[in-house]
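Any read-out appearing in this document is the output of simple, stated calculations on the displayed coordinates, not a laboratory observation. Since the structure is predicted, the reported quantities are computational estimates derived from the model, not experimental observations. Here the Cβ positions follow ideal geometry from the backbone for every residue, glycine too, while neighbour counts run over all protein chains shown.
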Amino acid sequence: MTDTQASPRRNTEATLSAREIPNIRDKPSVLGPEWCGIFEMPVTFEAAHFEQAMSNLLKNPNINSTVILRADVLKNYRYTYTEGSDEPFLDKYIAEDPEAISIGSDNPEEPIRSRYLDDIEIKSVPISKAFRPKVEMVRRIIPRNPSKDYVINQTCLMMEDSEDSILIVYTPHISKPEETPFYLPPVRSIGLLYSHGNLSIHYLPFGSLEELRTMKPIERPIRIAYRLMSTAQRHSDGVVKGYEKRVNHDLIVSKVAFQDRYISLKQKYAKALVDDWRENTDPRKHVFEDIAIAAFLIEFWSKIYPDKELFEFRDLGCGNGLLVYLLTMEGYTGVGIDARARKSWKMYPPEVQSKLKEQVIIPSVLLRPHPAARAHYFSDNGRVFRVPVDKKLPDDLGLTEKHQLVELFTAGDLLSSPQVNAAEFPKNTFIIGNHSDELTTWIPLLGYPFMVIPCCSHNLNGEKVRYPAIKSIAQANSVTSYTSTSRYATLVDHVEYIATIFGWQVEREMLRIPSTRNAALIGYRPNNFLPKSIYEIIAMEGGADRWVENTLSLMKRPPRNH
């Protein structure tokens, strides 16, 4: 139920806080002689608040533990009672095929660990008080690393009595303490009770009550009890205060589909990538983040493309190339492009290395003639670009520090240069912008279906900027929009705005990745507005005349660490 792998400092903090809560281990448990009470504390919320909060925790055990990924519900019985009658009305749901709600591993070296997954029967527990069931559920707990932590089934009961008490009971489907996954306390059952303004937690042990009563506060089962009760209290207080989630996940791709794909990819690729990391960055962050993005893309593409052969991808600003590697190895066709090659590129197999291109992106709209002039068969717009050269001025020319050496490039030169990519891709291209910095605002304007994950705020000149808040777009996507006016929040809203006026129907997803910059903007269908041309949008954005100069300068700078 909770992540028990805490640092010594965090354990000490939890112990000190736990000492402030009355310890009831020396008293008989109100749940019966088989139970051991652990903690009890007065609370200000009511039974209805506790019930609402715990209903959410029943569906989302990952709130209690970072070790847990999710829970799949195998059985769910809900009961209601008419006034004056103890006979319940049963609203029953049973998964059609519980065996289908499972995960597998494609890596024989890291098999999925599980216990008793065929046991999907509701488990009863001894309760002395006159509680009647409100919810009886069997859920399958999926840990984040199922090759390390066990997948198990667990019975969850929500019960009530005539005195407005609410009891939650968790019972893992195991037979002895040695089989307990590390993310659970080694007991038969856990009981969380709200009664008469008090919240308490109780354990039903496998062995004797004396073993629990003599445990020190620092020991794992006691720490877990404190954390479980603290989470229940915090979320119940949140219900009282009317807390609502700031963002909603899983609006485009379901959580189950994404997480199962993520686990599969992690089992196949994570260890080798982390062990052979070539960059001066944290491999675990970058590897797991890109695996999560690849999992999302694969599941999203499976919804909009009947066959992976029907499209190609272009990863603009591909950085270390990891996302290109993952997608290529999963059978997708595409290319990654970045202004500077990375050391990582050489660790990939030849078929992936050949898909990584060291080029700068200069959108063709800056190099080609206006469509009205193309009837005259001009291939470029004739512009000349002056790019500063960082070289010492020759002494014999009589120049001063006020003078600047420049290189001259014509539009024709750039269109024919192998170091330049004008973003003229096949029509069936899907563009990825994964924290692509200066390219972020350009990606929706290139004319291809896209997913962009904004990162640093730049304008169409490639220069840093802070955009003003755009309330109209935020209101239209209230379930996923930010409430702040931070630089990142306004960047996300602005990219969505220019994509919308360009003609895209934009969907926003808050990705489940280890990054605070996790908003993904996706456009693959036209909207119902009369779109503005790219020339109009460039003018509205203050022009893009300095893009070429700033972009070519990127090739001379060291790469960023993302």
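Extension gain, R113-R517: 0.36 nm per intervening residue step, less the Cα-Cα distance, totals 142.2 nm. By the gyration tensor of its Cα atoms, with a ≥ b ≥ c the square roots of the eigenvalues, what is the shape of the stretch 241-292: rounded for a/c under 1.5, prolate for a/b over b/c, or oblate? Judged from the Cα gyration tensor, the stretch 241-292 comes out oblate (a/c at least 1.5, b/c at or above a/b). With the simple model of a label 7 Å out from the Cα in the direction of the Cβ, S175 to E309 spans 5.0 nm.
Inverting the pair-averaged 1/r between distinct Cα atoms of the stretch 296-387 gives 15.5 Å as its Kirkwood hydrodynamic radius.
For chymotrypsin sites (Phe, Trp or Tyr not before Pro), the sites in the stretch 218-288 that DSSP calls loop and that have at most 13 other Cβ atoms within 10 Å are Y243. Spin-label model, K346/Q404: points 7 Å from Cα along the beta carbon direction are separated by 3.5 nm.
List the GluC sites (Glu not before Pro) in the stretch 108-177 that DSSP assigns to loop (not H, G, I, E or B) and whose Cβ has at most 13 other Cβ atoms within 10 Å. Which are they? Sparse-neighbourhood loop GluC sites (Glu not before Pro): E109, E121, E163.
Using unit Cβ charges (K, R positive; D, E negative) and no other charged atoms, how large, in debye to the nearest 20, is the dipole of the stretch 336-390 about its Cα centre?
60 debye
For the peptides 486-494, 40-48, the ranking by packing is 486-494, 40-48, with the highest mean count of neighbouring Cβ atoms within 10 Å listed first.
FRET efficiency for the R220 to S147 pair, using the beta carbon distance and R₀ = 30 Å, is estimated at 0.85. A full extension of the chain between V256 and Y81 corresponds to an added length of 59.7 nm, given 0.36 nm per residue minus the alpha carbon distance. Could you tell me whether the stretch 230-323 comes out rounded, prolate or oblate from its Cα gyration tensor? Rule is a ≥ b ≥ c as square roots of the eigenvalues, rounded for a/c under 1.5, then prolate if a/b exceeds b/c, otherwise oblate. Because a/c hits 1.5 or more and a/b fails to exceed b/c, the stretch 230-323 counts as oblate. Among W35, W442, sorting on how many other beta-carbon atoms sit within 10 Å of each Cβ, with the fewest leading, yields W35, W442. If R0 is 22 Å, the Cβ-Cβ spacing of F378 and E424 corresponds to a FRET efficiency of close to 0.90.
State whether the stretch 167-284 is rounded, prolate or oblate according to the following rule on the C-alpha gyration tensor (a ≥ b ≥ c being the square roots of its eigenvalues): a/c under 1.5 gives rounded; otherwise a/b larger than b/c gives prolate, and the remaining case gives oblate. The shape class here is oblate.
Look at where the Cα atoms of the stretch 444-464 and of the stretch 216-289 average out, and the two centres are 29 Å apart.
With respect to the cross-link table entries K123/K148; K148/K216; K148/K241; K303/K355; K303/K464, which display a Cα-Cα separation exceeding 30 Å?
Among K123/K148; K148/K216; K148/K241; K303/K355; K303/K464, the Cα-Cα distance tops 30 Å for K148/K241; K303/K464.
Segment D237..E163, full-extension length gain: 24.5 nm, with 0.36 nm per residue of separation and the alpha-carbon distance subtracted. Given R₀ = 41 Å, FRET efficiency for Q505-D276 by Cβ-Cβ distance, to 0.05? Here the calculated transfer efficiency is 0.50.
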